[in-house]
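All remarks here apply to the structure that follows.
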Amino acid sequence: MNIIVCKNYEEMSLRAAELLAEVVKSKPACVLGLATGSTPVGMYQNLIRMNKAGEISFKDVTTVNLDEYYPIDPENDQSYRYFMNVNLFDHVDIDKAKTSVPDGTAKDPEAEGRRYEALISALGGIDVQILGIGRNGHIGFNEPDASLVLDTHVTDLTPSTIEANSRFFASEKDVPRQALTMGIGSIFKAKKIILMVSGAEKKAAVSALLARRISTASPATMLNLHPDVTLVCTTDVVD
Ligand code: GLP
């Protein structure tokens, strides 16, 4: 695993944007796996700036997002579709028809998982996948469990994730109890993974990742098995 330790959130955001921009420049019709949460917001701001400055273009880029709450309407300002529009897609030259987020309104979430997995395969996999990490080591919404699901699927959120994510909702009871998420196998279809981590509350999850053991009790530790992972983090996560 490559590790880039940055002095603060701004530097982490810039470094991650530069890594992503390299992929877009070398392969303009690339497939980007994108993530939500507070961590990648600054990276998206850098990508918007680079796009406006004419340094990169998203014209031929296809995107697939990691996850989405279930059920949720795309117009809901807490949906990950809404997040992507507001934080990136509305501000760059991307063709929104080439952007995908799991459908939080699907009648049959299991069928939606299968559709999404087939879409990732049909795209030929993902060139670079951005990941954040949950305090409990979750990636996407792959929560700690006795076993982990390989493909895109519907999953129950753990009480700790509901509590952590309630800061974005009016109250904890408004947080959806389920989500659609790429599985560990879907994430591993990415040729390259950039894991972004900032904030001391993620320290335990990152220590588990760097302890050179893998465990389904901390799903991010699985990333040790992937051949091309770059951890871009702030100093407070590793000191
Ligand atoms: C959510 C998302 C994850 C994200 C995590 C961390 O639960 N499903 O993909 O990585 O939260 O979010 P934050 O970056 O806000 O700490």
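A few points about this structure:
- Straightening the chain between Val238 and Leu148 buys 29.8 nm, computed as 0.36 nm per residue apart minus the Cα-Cα spacing.
- Residue list for region 205-229, given a label point 7 angstrom along the Cα-to-Cβ vector of Thr158 and an amide N cut-off under 16 Å: 205-210, 214-223
- Whole-Hz couplings from phi, Karplus 6.51/-1.76/1.60, listed for region 152-159; x for Gly and Pro: 4, 7, 9, 9, 7, 7, 7, x
- Stretch gain in nm, segment Ile3-Arg135, where the contour uses 0.36 nm per residue and the Cα spacing is subtracted: 45.6 nm
- Between the amide H of Gly33 and those of Val64, Asp127, Val128, Gln129, Ile130, distances stay under 5 Å, these residues lying 5 or more places away or on another chain, with hydrogens modeled in the peptide plane.
- Remark: spin-label model distance Arg49-Ser171 equals 4.0 nm, labels positioned 7 Å along the Cα→Cβ axis.
- Neighbour counts of C-beta atoms inside 10 Å place Met50, Met12 in the sequence Met50, Met12, starting with the fewest.
- One chain, two ends: Asp95 and Ala122. Fully extended at 0.36 nm per residue, the span grows by 7.9 nm beyond their Cα-Cα distance.
- Taking every C-alpha pair closer than 8 Å and separated by at least 6 residues, the mean separation divided by the residue count of the chain gives a relative contact order of 25 percent.
- Our coupling estimate for region 129-136, obtained by passing each phi through the Karplus curve with A = 6.51, B = -1.76, C = 1.60 and θ = phi - 60°, is 10, 8, 10, x, 9, x, 4, 8 Hz, Gly and Pro reported as x.
- Rounded to whole Hz, the Karplus (6.51, -1.76, 1.60) HN-Hα couplings of region 63-77, x for glycine and proline: 10, 10, 8, 5, 7, 7, 4, 9, x, 7, 8, x, 7, 5, 6
- Helical content of the chain, expressed as a calculated mean residue ellipticity at 222 nm, amounts to -9000 deg cm²/dmol (DSSP H runs of 4 or more residues, -39,500 (n - 2.57) each, divided by residue number, nearest 500).
- Bins of 5 Å from zero: percent of alpha-carbon pairs in region 78-137: 4, 13, 18, 24, 25, 13, 3, 0
- Anisotropy class of the chain from Cα gyration tensor, a/c 1.5 cut: rounded
Coordinate-derived values only; no laboratory data. Just so we're clear, the structure is a prediction, and the values are computed from it rather than from any experiment. Cβ atoms come from the backbone with ideal geometry, glycine included; neighbour counts cover every protein chain shown.
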